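Got a structure here, written out as structure tokens. Questions coming.
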Amino acid sequence: MENHDDQLTEDDLRHIAKSAGLTLKAANVGQIADTLRTLRAGVMRKDRTFAAHTPLAIRFDASWEGKP
Amino acid sequence: MIKPMEVCYLDLHEAARRVAEKDISPVELTETLLARIDTVDVRVRSYVTVLHEEARRAARVAEQSMRRGGYRGPLHGIPIAIKDLYNTKGVETTSCSKVRAGFIPDKDCTVVSKLREAGAVILGKVTTHEFAFGFDSVPTRNPWNLDHIPSGSSGGSGAALAAGLCFAATGSDTGGSIRAPAAANGIAGIKPTYGRVSKEGVAVLSWSLDHTGPMARSVRDLAIVLHAIAGFDPDDPHTKDVPVPDYAAALTGNIRGVRIGVPRNYFFDDVQAPVQDAVTAAIGTLQSLGANAVPVTIAGLDDILDCFFPLVTSEASTYHQKTLRQSPDLFGEDVRLFLETGELMLATTYITAQRARSVFKASFREALQDVDVMVTPTQPMTAPKVGQTVCRFGDREESVFAASARFCAPFNLSGLPAASVPCGFAPDGLPIGLQIVGKPFDEATVLRVADAFERHSDWHLRHPALK
């Protein structure tokens, strides 16, 4: 999947935050946009390396596939 | 007659032996430590709350109980410190945040209950980076050099131990917050397997990454405290009902034939030279004790931190969702920035990162298949200076946050047990840590290897001058 985060503007972010009832601190907006872009890019790069049927690792029951 | 300074730097197990043999009393131990806190902690600032009277009372109760033959074991009458993230009945528990100012829990969290049950004397609450979301632990300073941070987020625990202000402390670890301050302060710490120790009553940073565990000045002390706090907790659905072995009994000193995986990739990239040298020497020591060093490759670690950060920021933002809307100005600037970032993380980014986590877990499982433990540097660098935001590795710059998490967070993602023990000092006098990682629920082997190393090194016996 293409990563379109490089097109994300600070106004977009403010709008998304507002829709979630959140007012971003003005000084943070630029850095948040950068961080989201970087992380999304890394995660999507990783996504291309594993199989589509890969499950979520999250398991709140603390079970471990590799039992002791 | 043992001098006060020597009392403060006794290992917990040695203090316990002396208490059991009536060489020293819990009241004497407690008074000596309280006096040192009052003198030294003005500069180190590791405690947010010192419980002078409560500690004295608990020490007297322990002493009377022992006199009546009610000795409970090696924690009985031993003064310890509790990270301010842990709920303590009747004692302000702020997570070092204005958000929780004045919060006084009406019950102890499970770990504190277990420690009290074992007879430990709680000296007070020690600092955490606000809500455990960072590595600075302001205002605490590193006792080895007060111009440097103690790392974090369990910075108060690490600094208090290095300064001789408690015999053990609790920590919590979401991306390295037990191991990073253990390395930075020249003490020992273990992040147990996910699900080994209860998190009930401990403020959440990230449900799927948080771990609780002990910090101390020796591996044997870690074993004693871990044994007291580990185990299934019906009040914590994250815990798993796996038998808790006698960790201290596992410390045989014998690691002949133990297979030690040494990662060929990732864990030795962008490491400061003194750290590289100290860890290489430590591996040599382990080999000289009969362990076999086996090169291992951990597949697919690319972008692992990019997959870690969406998890921790999204989960933390969820936990603080309400407060971030009602009173955002109560958060420190760095924490507010992280929380706002997490709020705007796409759900698909979070889910893809959790799927990537399955891949990382499988890679670590495979890497550990033919070895008993793996060793890595705990941190790629020594403790940064107060206010420093960036670390330099050759031509590359990395944020202090990312550098601090780089070698630790992979084991929060994988849930594997990982300890840090001192393995040297850089020319600038700051400590260096060796990370030892084990298989799920096999803390005993991690501690056995760490203890064997400790028996053949003296790094853990050095203490900061703090003149």
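Readers should treat all values here as calculations from the given coordinates under stated rules, not as data from a laboratory. What you are looking at is a predicted structure, and each value in this text was computed from that prediction instead of being measured. Neighbour counts are summed over all protein chains in view; Cβ atoms, including those assigned to glycine, are modelled from backbone coordinates with ideal geometry.
How shielded is A:29-41 by partner chains, expressed as the average number of their Cβ atoms within 10 Å of its Cβ atoms?
5
Here is a follow-up. Order the peptides B:235-242, B:179-186, B:361-368, B:110-117 from the highest to the lowest mean number of other Cβ atoms within 10 Å of their residues.
Ranking, from highest mean packing down: B:179-186, B:110-117, B:361-368, B:235-242.
Another question, if that's okay. Rounded to the nearest 500, what is the 222 nm mean residue ellipticity of the protein assembly as shown from helices alone, with -39500 (n - 2.57) per DSSP H run of 4+ residues and division by all residues? Kindly include the intermediate steps, with their values, before the conclusion.
Values: 18 runs with 207 residues, N = 535.
So the calculated ellipticity at 222 nm is -12000 deg cm²/dmol.
Which of B:439, B:3, B:191 comes first, and how do the rest follow, when ranked by fewest Cβ neighbours within 10 Å?
Listed from fewest to most nearby Cβ atoms, that is B:3, B:439, B:191.
Still on this structure: Please compute the net charge surrounding residue B:120, taking Lys and Arg as +1 and Asp and Glu as -1 over other residues with Cβ under 10 Å from its Cβ.
+2
Just check chain B against the gyration tensor rule for me: Cα atoms, a ≥ b ≥ c as the square roots of the eigenvalues, rounded for a/c under 1.5, and otherwise prolate or oblate depending on whether a/b exceeds b/c.
Working: a/c = 1.44, a/b = 1.16, b/c = 1.25.
Verdict is rounded for chain B.
Please give the net charge around residue A:52, taking every other residue with its beta carbon less than 14 angstrom from that of residue A:52, where Lys and Arg add +1 and Asp and Glu add -1. Provide the component values of the computation, followed by the final result.
Values: positive: A:46, A:48, B:355; negative: A:47.
Net charge in that neighbourhood comes out at +2.
Given Cβ point charges of +1 (Lys, Arg) and -1 (Asp, Glu) and nothing else, what value in debye, to the nearest 20, does the dipole of region B:4-461 about its Cα centre take?
Approximately 780 debye in magnitude.
Cα centroid distance between region B:287-302 and region B:177-240, in Å?
Between the Cα centres of region B:287-302 and region B:177-240 lies a distance of 25 Å.
Here is a further query. Which residue, B:88, B:48, B:58, has the largest displacement toward the positive end of the dipole of region B:48-89 when charges sit on each Cβ (Lys, Arg +1; Asp, Glu -1)?
Projecting each Cα onto the dipole axis, the largest value belongs to B:58.
Taking amide H positions as placed in the peptide plane 1.01 Å from N, state which residues far from residue B:83 in sequence (5 or more) or on other chains have amide H under 5 Å from it.
Here the answer is B:126, B:170, since their amide H atoms fall under 5 Å of that of residue B:83.
Quick check: pseudo-label points 7 Å beyond the Cα along Cα→Cβ at residue B:297 and residue B:399, how many nm apart are they?
Placing both labels 7 Å beyond Cα along the Cβ direction yields 3.2 nm.
Going by the alpha-carbon gyration tensor, a ≥ b ≥ c the square roots of its eigenvalues, is region B:24-75 rounded (a/c under 1.5) or, if a/c is not under 1.5, prolate (a/b greater than b/c) versus oblate?
prolate
Give the shape of region B:331-467 as rounded, prolate or oblate, defined through the alpha-carbon gyration tensor: a ≥ b ≥ c are the square roots of its eigenvalues, a/c under 1.5 means rounded, and otherwise the shape is prolate if a/b is larger than b/c and oblate if not. Walk me through the numbers on the way to the answer.
Details: a/c = 2.30, a/b = 1.14, b/c = 2.01.
Note, shape of region B:331-467 comes out oblate.
Under the rule of at least 5 residues apart or a separate chain, name every residue whose amide H is placed under 5 Å from the amide H of residue B:258.
The list, which skips near neighbours in sequence, is B:292.
State the extension gain, in nm to one decimal, for the chain segment bounded by residue B:232 and residue B:71, taking 0.36 nm per residue of separation less the distance between their alpha-carbons.
My answer for the length gained is 55.5 nm.
What is the distance, in nm, between label points placed 7 Å from the Cα along the Cα-to-Cβ direction at residue A:12 and at residue B:461?
6.1 nm
Moving on. In whole angstrom, how far apart do the alpha carbon centroids of region B:426-464 and region B:80-108 sit?
Centre-to-centre (Cα) distance: 30 Å.
A follow-up question, please. Please compute the average number of Cβ atoms from other chains found within 10 Å of each residue's Cβ in peptide B:342-354.
Mean inter-chain Cβ contacts per residue within 10 Å come to 6.
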